[in-house]
Amino acid sequence: MIRVPAEVRRSFRLAVPVGAAFAHLQDVPRWARLFPHVESVDPLPAREGEVWQWTMEPLGPPGLQVRTVYACRYTFDAATRSVTWAPVHGVGNAAFAGGVTLAEADRQQAEGTLWLEAALEIPAPRFMAGVVRAALAVEFGRMTDRFLENLAKQVRNV
């Protein structure tokens, strides 16, 4: 088993006013399902605050596929138009932290920054760590780009 870190940072624009974009991001299950390979996003009501468990479809090459499961606690700050999430330890085989901060680009567009940091437990031999890290970094970036494309489409259609 190896622990693989991944990090992504992106800037983006949404074709809606910043208030509408922030309201959209407060609905975690709605936007979370825009991320590729998400099987489910479920509340963890026994936990304090906005806590959601993510379950991903199994990913990876044959023989090394892994289902990623993790939970995050979400915090919404209307004053800064930001959403942050922190890992809930003891849930699943990964830890995710991140956030989105929105600003007004103009009256009809929001611009944002997104950052994600993850650490995944992958059932692979240690000698494969370099290859697994590189592959995960590429795929994590692709999935994040796809999420941002899906988010832009969804907020336009609301």
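Observations, loosely collected:
- Amide hydrogen neighbours beyond the local backbone of residue 50, cut-off 5 Å, H modeled: 74
- Only Lys, Arg (+1) and Asp, Glu (-1) charged, at Cβ; the chain dipole about Cα centre in debye: 240
- Rounded to whole Å, sorted largest first: equivalent-ellipsoid semi-axes of the stretch 35-80, Cα gyration tensor: 27, 13, 8
- Among the protein heavy atoms of the chain, carbon and sulfur supply 53% of the accessible surface, probe 1.4 Å, non-protein parts ignored.
- Taking the helices alone, the chain has a mean residue ellipticity at 222 nm of -8500 deg cm²/dmol, built from -39,500 (n - 2.57) per DSSP H run of at least 4 residues and averaged over all its residues.
- Residue (of 90, 64, 120) at the positive-pole extreme of the chain, dipole from beta-carbon charges: 64
- Kirkwood hydrodynamic radius of the chain, from inverse mean 1/r over distinct Cα pairs, in Å: 16.4
- Equivalent ellipsoid dimensions for the stretch 1-88 as semi-axes, Å, which come from the Cα gyration tensor, largest first: 26, 17, 13
- On a per residue basis, the convex hull of the C-alpha atoms belonging to the stretch 58-148 measures out at 109 Å³.
- Where 3, 107 fall by accessible area, highest first, once all protein chains stay in place (1.4 Å): 107, 3
- A viscosity of 0.890 mPa s and a temperature of 25 °C, combined with the Kirkwood radius over C-alpha pairs in the Stokes-Einstein formula, give the stretch 1-51 a diffusion coefficient of 175 µm²/s.
The values are calculated or read from the model by the stated rules, or taken from the named source; none is laboratory data. Everything quoted here is computed from the prediction, not taken from an experiment. We place every Cβ from the backbone using ideal geometry, glycine too, and count neighbours over all the protein chains shown. Areas reflect the complete protein model, heavy atoms only, side chains present, ligands, DNA and RNA absent. Shrake-Rupley method; radii C 1.70, N 1.55, O 1.52, S 1.80 Å.
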